[in-house]
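Take a look at the structure below.
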Amino acid sequence: MASIALIGAGGKMGCRIADNRAKTNRDVRHVEVSEPSRARLCERGLTAQSVGHALAGAEVVILAVPDNRIGMVCEQLNPNLKSALPGGTFSDGAKLAIEKAKRELFQPDWKKVFEPEAIRRSVLDITRA
């Protein structure tokens with residue numbers, strides 16, 4: 001059975017995911033930092049866990065956080081992800097794509113990354129490196 005770390009579990013999107021996952025027999029580990037959102041989890045009979053505990057051995061990580069906070073959350077999760085997924089490796093091309101994506105996706109106008117011309121430029125940048 002896959003274990004799932006649900007980051008932002010007590011927010012609007014996180015609660016919907018948590019409600020649906022509660023209907024399954026999956027091991028879902030809920031992470032929430034906001035007190036009002038933690039209260040919403042408690043109303044559902046769920047408990048927020050630490051990031052380290054939630055990520056330890058998790059096979060799936062779901063980020064249920066607002067678009068404008070994804071970059072900040074990923075930066076905060078980075079040390080935990082490295083220790084939680086010691087066998088997880090990326091190809092050199094994937095590493096280049098991830099580094100490029102960090103610069104472009106973690107901005108308010110991230111949607112422009114999916115425009116055809118932007119995709120073509122990104123592929124050229126990565127394949128030339």
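Throughout, read-outs are computed from the coordinates displayed, never taken from laboratory work. Since the model is a prediction, treat every value here as computed from it, not as a measurement. Don't worry about glycine lacking a Cβ; one is built from the backbone with ideal geometry, like all the others, and counts go over all protein chains shown.
Just a few scattered comments:
- The stretch between D125 and N68, if pulled fully straight at 0.36 nm per residue, gains 18.0 nm over its current Cα-Cα span.
- Computed extension length for N25-E75: 15.0 nm, one decimal, from 0.36 nm per residue of separation with the Cα-Cα distance subtracted.
- Dipole size of the range 7-83 about its Cα centre, with +1 on Lys/Arg Cβ and -1 on Asp/Glu Cβ: approximately 200 debye, rounded to the nearest 20.
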